[in-house]
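This report concerns only the one structure given below.
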Amino acid sequence: MKKENAETKRKTLIKFIILMVLSMLGGFISAMAVSTIINVGEGHMDSIAKVIQIVSAAIPFIYVLLDAVVFGCSYMYYFKAKRMAAKWDGEDEDVIENIETKLGIATTMNSIFMVIHYFFFSLTAEIAFGEEFVLSLAVFAVAILLIGLIAVIVLTVRVVNLEKKLNPEKRGDALDTGFNKVWLESCDEAQQKVIFEAGYKAFKAGQYACMFMWLITLLGQLFLNTGIFPVICVFAIYGTLIISYSVASMKLEKKNNK
């Protein structure tokens, strides 16, 4: 048993050392690649400026197009689920499972829509409030932002209400600030387990994403003069993840030990 533990620890240590070496090698290669790209780009600044100008002009149209496509898909799945729910006899498990899947897709697409929506709003705002202030573009960006937020809220409320209709034991008002807590408490143990496991996987993915973004912002700081602020933003998110997870874990452990 002791030999097996020692062998396991030795293999783990070797994997860790290899990972550290590969990480340092990856960082070195990335730094050299960024340096090379910068040196090459300095000789083609006019061409790069033209490309940036063309892309900037297209961003507002891409903004609206992506919003329409992604949000349209969200509503499409919601309406499919609603039509199936109207015909459900209350007993067929395959049908209700299909309905839940479609509602899950609608919710996921709604979340993806929010990410795309905020990202392209930032790009549009960068152009509108850039070297020359463009009032029409600024008004357009703010209007699209507000319309998108209202659309997200409306779809969220509809999905929650349909879920409550299908599952009468579910509680909570989607517009209430304490909705997530109430909704979680109304879920059964199996559903809560799924939520907790998904949350932990998201936490681990967030950790990896933060480390990757730290590497990107570090390269930007060293070679593109982006400054320390992007690094601070990344570690603000990283710190929030770690602290919130640790505090929640201690609270839950304390609660379970009572």
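Values in this text are rule-based calculations from the coordinates and carry no lab data. Treat the numbers as computed from the prediction; the structure is a model and nothing was measured. Reconstructed Cβ throughout: ideal geometry from the backbone, glycine too, with neighbour counts over all protein chains shown.
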Discussion item. How long are the semi-axes of the equivalent ellipsoid of region 46-187, defined as square roots of 5 times the Cα gyration tensor eigenvalues? Whole Å, largest first.
Written reply: 39, 17, 11
Worksheet, complete the sentence: Over the Cα atoms of region 106-258 the radius of gyration and the largest Cα-Cα distance (Dmax), both in Å, equal 20.0, 62
Worksheet entry | Cross-link pairs LYS164/LYS255; LYS181/LYS255; LYS82/LYS201; LYS87/LYS165; LYS165/LYS251 - those with Cα-Cα distance over 25 Å | LYS164/LYS255; LYS82/LYS201; LYS165/LYS251
Item to complete: Bin all alpha-carbon pair distances of region 188-258 at 5 Å intervals from 0 and give each bin's fraction as a whole percent.
Response: 3, 15, 17, 19, 14, 10, 9, 6, 4, 2, 1
Discussion item. Largest first, please: the extent of the C-alpha atoms of region 172-223 along each principal axis, to the nearest Å.
Written reply: 51, 25, 9
Item to complete: Answer with one residue from PHE212, TYR245, CYS233: the one whose Cα lies farthest towards the positive end of the charge dipole of region 188-258, charges on Cβ with Lys, Arg +1 and Asp, Glu -1.
Response: TYR245
Worksheet item: In angstroms, what radius of gyration and Dmax does region 87-156 have, counting Cα atoms only?
Response: 18.5, 62
Worksheet entry | Label-to-label distance, nm, for residues given as THR108 and ASP176 (7 Å Cα→Cβ offset) | 2.9 nm
